[in-house]
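The values are calculated or read from the model by the stated rules, or taken from the named source; none is laboratory data. Computed from a prediction, not measured in an experiment: that's the story for all the values here. All Cβ positions, glycine included, derive from the backbone under ideal geometry; neighbour counts span all protein chains shown. For accessibility, only protein heavy atoms count, side chains too; no ligands or nucleic acids. Shrake-Rupley method; radii C 1.70, N 1.55, O 1.52, S 1.80 Å.
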Amino acid sequence: MPGPPRPLQPTVDVRDAQPGEFGHIGELRVAAYQADGFLSETSPYADTLRVLGMDGSGEILAAVDDGRILGTVTLVTWPQGGEVLRAPGEGEIRALAVASTARGRGIGRALLTAVMRRATAREVRELLLLTQPDMRAAQHLYAEAGFGRRPDRDYEYAPGHRLLAFGMPMAAG
């Protein structure tokens, strides 16, 4: 017999992450990327994921349900940006991750909505992100939210290894 239907809206609270949660958030990011096969056990990017934004260079949001952190996303704004930000008024979404045990509850969508609201509050005029070419579910989520491909902002981090850029103009005011 099937279980109860899942709620249409996530039952999570998306809020600023607290410094005492950073270690857990770093490990959640790594585990989520590894669970989907987007990060090898030996990838040096794991170290970046573990600390991204924790030095004050980004705003880290956490999706919390009953005291448990189930997902996270980071907003980076000019001039703190990494590979994709080029001018004032630009912001970048980084390290969107949902625990594999919490998938299918709309947590990724809730995090994306919250980080878009945060970008608007920070007067970001264009919101950008980079994603691996094989991250199809994430790309679908971004397209549903209104992001479009920005090939002019693609980033090649090593010869033959390209990240795809997506962007969205943000409403003024």
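Remarks
- Computed from backbone phi with θ = phi - 60° and the Karplus coefficients 6.51, -1.76 and 1.60, the 3J(HN,Hα) list for the range 122-136 is 8, 6, 6, 8, 9, 9, 10, 7, 10, 8, 5, x, 8, 7, 5 Hz; x is used for glycine and proline.
- Pairwise label distance in nanometres, Gln132 with Glu27, each label 7 Å out on the Cα-Cβ vector: 2.2 nm
- Karplus-based coupling profile of the range 95-104, in residue order and whole Hz: 6, 5, 8, 10, 4, 4, 6, 10, 5, x, with θ = phi - 60° in 6.51 cos²θ - 1.76 cosθ + 1.60 and x standing for Gly or Pro.
- Amide H within-cut-off set for Leu96, under 5 Å, with H built and near neighbours excluded: Thr74
- Note on Phe38: accessible area is roughly 50 Å² with a 1.4 Å probe, heavy atoms of protein only.
- Solvent-accessible surface of the chain, taken per residue with a 1.4 Å probe and all protein chains present: 54 Å².
- Surrounding net charge for Trp78, when Lys and Arg each add one and Asp and Glu each subtract one, Cβ distance under 12 Å: -1
- The residues neighbouring Arg29, those whose beta-carbon lies less than 14 Å from its own, together hold a net charge of -2 under the Lys/Arg +1, Asp/Glu -1 convention.
- Relative contact order %, the chain, counting alpha carbon pairs below 8 Å whose residues are six or more apart: 19 percent
- Ligands, DNA and RNA left out, the 1.4 Å accessible surface of the range 1-155 is 52% carbon and sulfur atoms.
- Other residues whose C-beta falls under 13 angstrom from the C-beta of Val115 contribute a net charge of +3, scoring Lys and Arg +1 and Asp and Glu -1.
- Spin-label proximity, Glu156 to the range 69-97 - amide N less than 17 Å from point 7 Å beyond Cα toward beta carbon: 83-84
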